[in-house]
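Input: a single structure, listed below in structure tokens.
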Amino acid sequence: MNQDILDFLLQLGYLEGRITTHGLYEKSVLRKQPKAVTSLAAKRTLVQRLEAALASAGKEPGAVLTVGLYLRSVRQEQSLDVRELSTRLGLSANHYKLVERDRLSPLKVPADSWQKFIRLFSLPFEVFEEMVRRTHRLVYFRASFQTTLARYDGRKSKTKRSVTLEQAAEELYARAHLPVPPEEEIKLHLLLNNIARGLKQT
Amino acid sequence: MARIPNRQLVHELKSGHRLGCTHLVELYQDRLLGEAKRTFSVPHLDAEELVGDVLLTVVTKIDTFEFLRSDGDFHYWVMTIFRNKVRDYKRQRLITEGLFESFQETALEEEETYSSTEYEVMKSILRQYEAAVRRDSEDDDDTEHGSSKLQALVEALDQLEPWERVLLRCRALDVPYEEISRYTGKSARILKVYHARVKKKLVRILSERHPELKPV
């Protein structure tokens, strides 16, 4: 940008809060198409720095990372309707509800719905992959978890029951970190490849 | 990649989602880096550090942010943090290297645009600002802030027509003529033609209203 001494003085006035552009400058920054000048490595380093800052502020980064929990929190935050979101993802409302409750394996959701999911929420693919893997583990281990759930559910006192049910849920989500058998990994790998290929083509 | 709503981004950051950091970087890193380099002439490495500091402040102060009017509130909040960081950077550079030095090379070119008296008036404001910032940095209790030295400029701007003021302020920050045109109701072509004239007008008002700034 060609800048003379008067422009420089005006800029100082703006920076010092002595003059304003009535929001025009701020709006114009949003309208400009930024050029990708930062390397991927620099981006990653900055993201890690920010995550560390989040963690030191008492927030646990990555605490919520299953598809269901993510969808639910976004839907509540933006006051969206189940029907609206399910239509946008190309799923039936019942199908969507199962996804939102982490009851349906990601393998049973069509690849093009996952592509819509990624685009709708602007998810970087690696974040999406982690989310899907964790959801898959959660659903995979849920069956074996039913017995644990029944054990917790057997309490008669209502308050004790709700506390123990919460513990059960925590245990279940903790299991979402466990590795799944190799054949399940292969199926998931194929699905992720399909989604990635579809995204590249569009 | 589609742009996510600010409310979603703020929600992610407030609830500690790692995704919020990724979205924030995607949305703002290149944008602010471009602004720091192009509009405020900050060198690349310094600009990278500055933008990192801006986003870090956003993350650490996110709990103090609230939407009051619209989804755009978040952007204005980020831009205010950015503006303050650029200001601090400029002040720091001024103390270590001096501001005026960067204009010595273009001085000859500018002498053709402005008369020597007009040029000296602007130099004088810049030097006064520089001196006040240096004093501020040495003495915390000093009530004479650097920004007050720009008062002469603000008063001269007030003498212009509203559209002229908007034109000068916005062009100094590289806002496109088309956007200024939408705000002022004057065509972009007319604004382009008048830009240099309005600049001259402002400098003339400055030198007339502030004879004390002229060289003796």
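The values are calculated or read from the model by the stated rules, or taken from the named source; none is laboratory data. Quick caveat, the model's predicted, so the values are computed rather than measured. Cβ sites come from the backbone with ideal geometry, for glycine too, and all protein chains shown count toward neighbours.
Numbers at a glance
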quantity	calculated
Residue in segment A:21-30 that is farther than 15 Å from B:R169 by Cβ, surrounded by fewer than 18 Cβ atoms within 10 Å (Cβ to Cβ) and at pLDDT below 85 present	no
Subset of segment A:99-127 [part of a loop (DSSP other than H, G, I, E, B) and among the small types (G, A, S)]	A:S105, A:S122
From the options B:V54, B:V121, residue that is assigned to a helix (DSSP H, G or I) and modelled with pLDDT of 90 or more	B:V54
Those residues of segment A:173-184 which are surrounded by 11 or more Cβ atoms within 10 Å (Cβ to Cβ) and at pLDDT 70 or above, in sequence order	A:V180, A:E184
Qualifying residue in segment A:94-113 (condition: in contact with a His (Cβ under 8 Å, 6 or more places away or on another chain), under 21 Å from A:H189 (Cα atoms), charged (D, E, K, R) and modelled with pLDDT under 90)	no
Positions within segment B:158-187 being over 16 Å from the mean Cα position of the chain (by Cα) and either closer than 15 Å to A:G23 by Cβ or in a helix (DSSP H, G or I) (or both), in sequence order	B:D158, B:P162, B:W163, B:E164, B:Y177, B:E178, B:E179, B:I180, B:S181, B:R182, B:Y183, B:T184
Selection from segment B:51-77 of residues that are more than 9 Å from chain A (Cβ to nearest Cβ) and aliphatic (A, V, I, L, M)	B:V54, B:L68
Meets criteria (of a type in the set (G, A, S), crowded, with 17+ Cβ neighbours inside 10 Å and either free of Cβ contacts under 8 Å to residues at least 24 places away in the same chain or touching an Asp or Glu at 6+ places or on another chain (Cβ under 7 Å) (or both)) for A:S86	yes
Filter pass, B:R31 being out of contact with any strand residue (DSSP E or B) (no Cβ under 6 Å at 6 or more places or on another chain), at pLDDT 90 or above and either crowded, with 21+ Cβ neighbours inside 10 Å or over 24 Å from A:T202 (Cβ atoms) (or both)	yes
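The rows are residues; the columns are (1) modelled with pLDDT of 85 or more; (2) more than 7 Å from every other protein chain (Cβ to nearest Cβ); (3) under 30 Å from B:L168 (Cα atoms); (4) touching a Ser or Thr at 6+ places or on another chain (Cβ under 7 Å).
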{"site": "A:D7", "(1), (2), (3), (4)": "yes, no, yes, no"}
{"site": "A:G13", "(1), (2), (3), (4)": "yes, no, yes, no"}
{"site": "A:Q33", "(1), (2), (3), (4)": "no, yes, yes, no"}
{"site": "A:A36", "(1), (2), (3), (4)": "no, no, yes, no"}
{"site": "A:T45", "(1), (2), (3), (4)": "yes, yes, no, no"}
{"site": "A:L50", "(1), (2), (3), (4)": "yes, no, no, no"}
{"site": "A:A57", "(1), (2), (3), (4)": "no, no, no, yes"}
{"site": "A:L71", "(1), (2), (3), (4)": "yes, yes, no, no"}
